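The values are calculated or read from the model by the stated rules, or taken from the named source; none is laboratory data. These numbers come from a predicted model, not from an experiment. All Cβ positions, glycine included, derive from the backbone under ideal geometry; neighbour counts span all protein chains shown. The area values use the complete protein model at the heavy-atom level, side chains included, leaving out ligands, DNA and RNA. Shrake-Rupley method; radii C 1.70, N 1.55, O 1.52, S 1.80 Å.
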Amino acid sequence: MSTYRVLVTVASRHGSTRELAAALARGLTGNPAATGLDVIASVVPVEQHPDPLRYDAVVLGSAVYGGCWLPAAREYATATASALRSRPLWLFSSGPIGSPPFPDAEPYDVATMTALLAPRGSRVLPGRLEPALLGFAERAVVTAMRAPVGDARDWAGLRAWADEIASSLTPARTSAGSPPSGLRS
Ligand SMILES: Cc1cc2nc3c(=O)[nH]c(=O)nc-3n(C[C@H](O)[C@H](O)[C@H](O)COP(=O)(O)O)c2cc1C
């Protein structure tokens, strides 16, 4: 079994997207659907500017506010676009609450990020809107929009997505982050 490193890197304002990233990483790590691979997934905030080239595959996600990804996620995507394009890549946007999902429009950045990064897949995942965690201005926006509140995150769906990603992984041509050949024992 060869080790296969997956970076799960996200931007989150109030923590719920970070928790989605952690659950996705748990679902990917050791996933038996990744034939012949020992998958190790790590969660790193985009603010820490993780280097995609140190990993074999990447999942990049952001919470959505006002229809857009958080600026830190957009900046990271732009700054590391060529490295991200060189890896198997999946994107996710976390935001809509309720049934039917509100808002129902696709976040504006999905099309831009898809064009920029050519991911293998892109998902919009239900999020969490917890009024007690919001600032005054955010609460005012949510009230004005009559947005539904609560925790709509779909843990079973996330686990299924982890299985889907894992099943599509194939051994990398060169192992990410491995030392130069002269240093190998
Ligand atoms: C002021 C405000 C604006 C929001 N705008 C959107 C939006 O345009 N689209 C969307 O899908 N979700 C929107 N949301 C919902 C958040 O994306 C959702 O609560 C998300 O799970 C928050 O992630 P975080 O906890 O990682 O910051 C908004 C939430 C707030 C408070």
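Figures for the structure shown
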| item | result |
| --- | --- |
| Ser82, sole failed condition from (1) outside any helix (DSSP H, G or I); (2) more than 13 Å from the ligand (Cβ to nearest atom); (3) out of contact with any helix residue (DSSP H, G or I) (no Cβ under 8 Å at 6 or more places or on another chain) | (1) |
| Residues that are surrounded by 14 or more Cβ atoms within 10 Å (Cβ to Cβ) and in a loop (DSSP other than H, G, I, E, B), drawn from segment 91-119 | Gly95, Pro96, Gly98, Pro101, Pro103, Glu106, Pro107, Pro119 |
| Which numbered condition Gln48 misses (of (1) more than 25 Å from Arg5 (Cβ to Cβ); (2) open to solvent by 80 Å² or more (accessible area, probe 1.4 Å); (3) not hydroxyl-bearing (Ser, Thr, Tyr)) | (1) |
| So Ala73, is it within 13 Å of the ligand (Cβ to nearest atom), buried (at least 22 other Cβ atoms within 10 Å of the Cβ) and in a helix (DSSP H, G or I) | yes |
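Residue-by-condition table, conditions (1) in contact with a strand residue (DSSP E or B) (Cβ under 6 Å, 6 or more places away or on another chain); (2) over 20 Å from Ala73 (Cα atoms); (3) more than 8 Å from the ligand (Cβ to nearest atom); (4) open to solvent by less than 70 Å² (accessible area, probe 1.4 Å):
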{"residue": "Leu89", "(1), (2), (3), (4)": "yes, no, yes, yes"}
{"residue": "Ala132", "(1), (2), (3), (4)": "no, yes, yes, no"}
{"residue": "Gly135", "(1), (2), (3), (4)": "no, yes, yes, yes"}
{"residue": "Arg146", "(1), (2), (3), (4)": "no, yes, yes, no"}
